[in-house]
Structures are given as C-alpha cells and as structure tokens.
Amino acid sequence: MITIKKNRSEVKVLFDRKEGEYFVGRTEYDSPEVDNEVLVAAKDHFVRLGDFALVEITDAEEYDLFGKIII
Amino acid sequence: MKTKTLRQDKVNVITLGCSKNLVDSENIITQLRANDYDVIHDSNDEANIIIVNTCGFIDLAKEESINTIVQYADIKSKGGIDKLYVTGCLSQRYKDDLEKEIPEVDAYFGTLELPGLLAKLNADYKYELIGERNITTPQHFAYMKISEGCNRTCSFCAIPLMRGKHISRSIDSLVKEARHFASLGIKELVLIAQELTYYGLDLYKKRALPDLLDALCAVEGIEWIRLHYAYPSKFPREILDTMAIQPKICNYLDIPLQHASDTVLERMRRQTTRQEQKELIEYARATVPDIAIRTTFLVGFPGESDEEFQDLCDFVEQMRFDRVGVFQYSHEEDTTAFLLEDDIDPELKAERANRIMEIQQSISFDHNQKE
C-alpha cells in the first residue's frame, strides 16, 4: 500500500461557483455545503466551474482558505 | 396527424431538510418531466401546482416544514395556486394530524409513496427512469443515495419511524446511475444514506460498501467519490483500506459519533464506547494519513451531567477532528429516549453546543494554518 502524504500547501480544487469577486471551490477534504471552501480571486485567474485546478494556499481563516492557481 | 396536448400546468417542488430528501425531490422532478410536466425546483417563479417535500427530523426542522405548508395553504385559499401536495418525512410521520390541522392541502404522502403522488397528477411512475435522475446541484457533483432507511436503534432518533428499515440499492443500478451522471459531465459523487456501513447486508448478506466503491471507481469520468454518514459501531474497517488504495475515493469520512461519555453513549444505545471510537479514529488516521474526519455530536441528551459533558469536551480537544457539527437534543415522540425526562434546560443545551463549537473553532484554525 502506498500512501504519500500530500503537501497541503498545494491542493487540488474542484470549483463549484463564482461568488462576487471570487471563484469558490473545495478540496477532497471538504464536502459541498457543510465544509470549508477555497477562494481564488477572479481578477487574477479564470477557471471554468466544474473544473479541477491545482491551487497554492496563500492565506487561511477558521473556515476558508485563500489561494492562487498554479495549473 | 398526431397532436400533442400542451399542459398549462407548472409544478414547483420545494425541498426542505437534508441531501437525502433532495435526492427524493430529484426523483419526483425526473418522473414529472418524463410525463411532460414543466417543473421548477425551490423557485420563486410562479407555478400553479406546489409539492412540498418536508423534513420531520427535529423540532426546528418540523417547524420550518409546517410554516412552509401553511404559507402555501394560505396562497391556495386565496386562489394563488390550484393544487398543493405534501410529501416527505413530516408527512410520513404526522399524516393524520396534518390532514386535520391543514386541510387545505389536497393530499399528503409518505416517503415511499411517490407512485401515489404521481397518480394524483395523472402521471405514470416510470421504472425505466431509475438511474436517470435530473439533478438540482451544480452540474459537476451529485448526491447518490445508496440505501434507504436504518436498522439502528439509537434511542434519540426518529428517522427509522419515517424512513423504515434499511433497504440497499443494487450495485448494478448504482453503477448505471454513475455512468449516466458521468455522461452528463459529473465528476464528484457524494454517497449518502442514513447509515453507509450497513450497505449490502440485506441484498448481499454482507457489508458490501467496499465492493460498491470498487465498482464506482471503475466508472470513467467520475473523479471523486465521497462518503457521508458512516456509523462507528461495528464499522467495517476494509472501507478505510479501500480508501487508501483507490485514488478516486476522497480521503474524507463523515462519521457521526454523537457523544464520548460511556454512560451517555449507553443511554443513547450507540453500541460503542469512548475507547472503541478513539481506536477507530486512530485506525483511520493510520490507514489514510491525510484523511479529513467530519463528525457530529448531540448535546443536552436527557440526564447529561456536567461531568458527562466535560468528557465530551475533553474528547473533542483530544481527537482534533477536521470538521465538527453539533445538534441540540430534541425530544421526539415515539423514540425510546422519549421515555426519559427531557431535563436539560434549553439555554444549557445552547451553551453546551456553543462550547463544543468554540473548542473546535480553535482546532480548525490551527488545522488551516498548517495547510
């Protein structure tokens, strides 16, 4: 069995929606509607809703993470 | 020449409560659309037929459902809509009372009476549509209810009264549904049930969730599969082995523990202990090192002493869960806990719920800082 500890500063994010100035998505560690979200500024990046992207986490609050898109 | 009659009717389906209820609404919508109905969901747009899919879980949820029914009953008596139907858990549990109290409703249905509801609308129940559900969530994830009902006997819980005994859907039918979803561009399946770990016991005479997961992972296009509501007692640990091996299964588990004091767990009839719960969480973390664990707790259960509550606080501090939800005990008739005295003051229940969330908030903050 191979388990590689993920580097959590770079996370795979699935983007659910656009809200105001942010694209809002989730990592595999977060379920829709109940868990944390990852916010990416829409002025810096464009993502298609329903797409995955690799995101570098730059800032964190209790329940939300902020990041920028790497790929 | 064939002429097609165009229906003027427009149906608005209103969903209250949990994701399991949402799946039921999606089935209603699918069936009605296949019968040429124009259907909208949770919409403010005008419709002449309203179907309220209710929740009957705890007091607050029941109140919301009743208020919604009354609101549409008023609109109906003023001539704003033609027909009002009520279905779902509240209706299953309190049909007789509701018929008396809110007679403006044209008909009430239980949770397993979809064919009856469709018959009222002159629509046929189409068996061939099973697995072709219209979803109401964003286009890239969908809830999949893998079984209905629950055979557990937790003393506080009214769900078996509303949803009946546990019945699994077959692996074949779920894989067919997953393929259909993948063809629509859906990438994430959120597996739900009242209790995931029982999956297969009725159909396959064994706990078959790992088999189902292997079959779903083989569906091309599905990239994430997420597990919600796995009970801790007699938890089949192979699920975690499958999670560790299969990259498509999110390293995420929602495991409602409800409490951590042995005496409260016993009164709740949870068939597990603090130590067993602790060992299970430790096993999960050892097997899937980056797993995110979500749990929910129930505070203010009858007789919950300061000491018992402190046991729970210590457990939350010690276990450092990734996500925590808290419910305040609601005294539900016809449950076995209803025989106990609901003796915790509502203010104290709220205070205890806040206390747990405060403990968790600082843990969540630490977790996020590490990410």
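Where a number appears in this text, it was derived from the coordinates with a stated rule and is not lab data. Computed from a prediction, not measured in an experiment: that's the story for all the values here. Note: ideal-geometry Cβ built from the backbone for every residue, glycine included; neighbour counts use all protein chains shown.
Measuring from centroid to centroid over Cα atoms, what is the spacing of the range B:191-243 and the range A:10-71 in Å?
About 27 Å separates the Cα centre of the range B:191-243 from the one of the range A:10-71.
Dipole size in debye (nearest 20) for the range A:10-69 around its Cα centre, Lys and Arg Cβ +1, Asp and Glu Cβ -1?
Computed charge dipole of the range A:10-69: roughly 380 debye.
Considering only DSSP states other than H, G, I, E and B, which chymotrypsin sites (Phe, Trp or Tyr not before Pro) in the range B:300-371 qualify as loop sites with at most 12 other Cβ atoms within 10 Å?
Passing sites in the range B:300-371 do not exist.
So how strong a dipole does the protein assembly as shown carry about its Cα centre when Lys and Arg Cβ are +1 and Asp and Glu Cβ are -1, to the nearest 20 debye?
Rounded to the nearest 20 debye, it is 1880 debye.
For the range B:209-278, state which GluC sites (Glu not before Pro) are in a DSSP loop and have at most 16 other beta carbons lying within 10 Å of their beta carbon.
Qualifying residues, ordered by number: B:220.
Quick one: check the C-alpha center-to-center distance for the range B:259-316 versus the range B:87-129, whole angstrom.
38
Express in nm, to one decimal, how much length is gained between residue B:97 and residue B:132 on full extension, taking 0.36 nm for each residue of separation and deducting their alpha carbon distance.
9.1 nm
Go ahead and set up a Gaussian network model of chain B, Cα springs under 10 Å, then flag whichever of B:38, B:124, B:306 fluctuates most.
Of the options given, B:306 has the highest mean-square fluctuation.
Rounded, prolate or oblate: which one fits the range B:222-268, using the alpha carbon gyration tensor with axes a ≥ b ≥ c (rounded when a/c is under 1.5, else prolate when a/b beats b/c, else oblate)?
prolate
Out of the trypsin sites (Lys or Arg not before Pro) in the range A:9-57, which ones are loop residues according to DSSP with at most 16 other C-beta atoms within 10 Å?
For trypsin sites (Lys or Arg not before Pro) across the range A:9-57 that sit outside H, G, I, E and B with at most 16 neighbouring Cβ atoms in 10 Å, the list reads A:43, A:48.
Only counting other Cβ atoms within 10 Å, I'd like B:225, B:245 sorted with the fewest neighbours first.
If I rank by nearby Cβ atoms, fewest first, I get B:245, B:225.
Cα centroids of the range B:12-32 and the range B:37-75: how far apart, whole angstrom?
11
With the Cα gyration tensor of the range A:10-69 giving a ≥ b ≥ c as the square roots of its eigenvalues, does the rule (a/c under 1.5 for rounded; else a/b larger than b/c for prolate; else oblate) give rounded, prolate or oblate?
It comes out rounded by the Cα gyration axes.
Suppose the chain between residue B:286 and residue B:43 were pulled fully straight at 0.36 nm per residue; how much longer would it get relative to their current alpha carbon spacing?
Extra length from residue B:286 to residue B:43 when fully extended: 82.9 nm.
Anything over 20 Å Cα to Cα? Flag those among B:76/B:120; B:145/B:165; A:68/B:248; A:12/B:187; B:83/B:126; A:18/A:68, in the order listed.
The pairs that break the limit, which is 20 Å between Cα atoms, are A:68/B:248; B:83/B:126.
Which aspartates and glutamates, on any chain, are close to residue B:95 with Cα under 13 Å apart, when same-chain ones fewer than 8 places away are left out?
B:106, B:113
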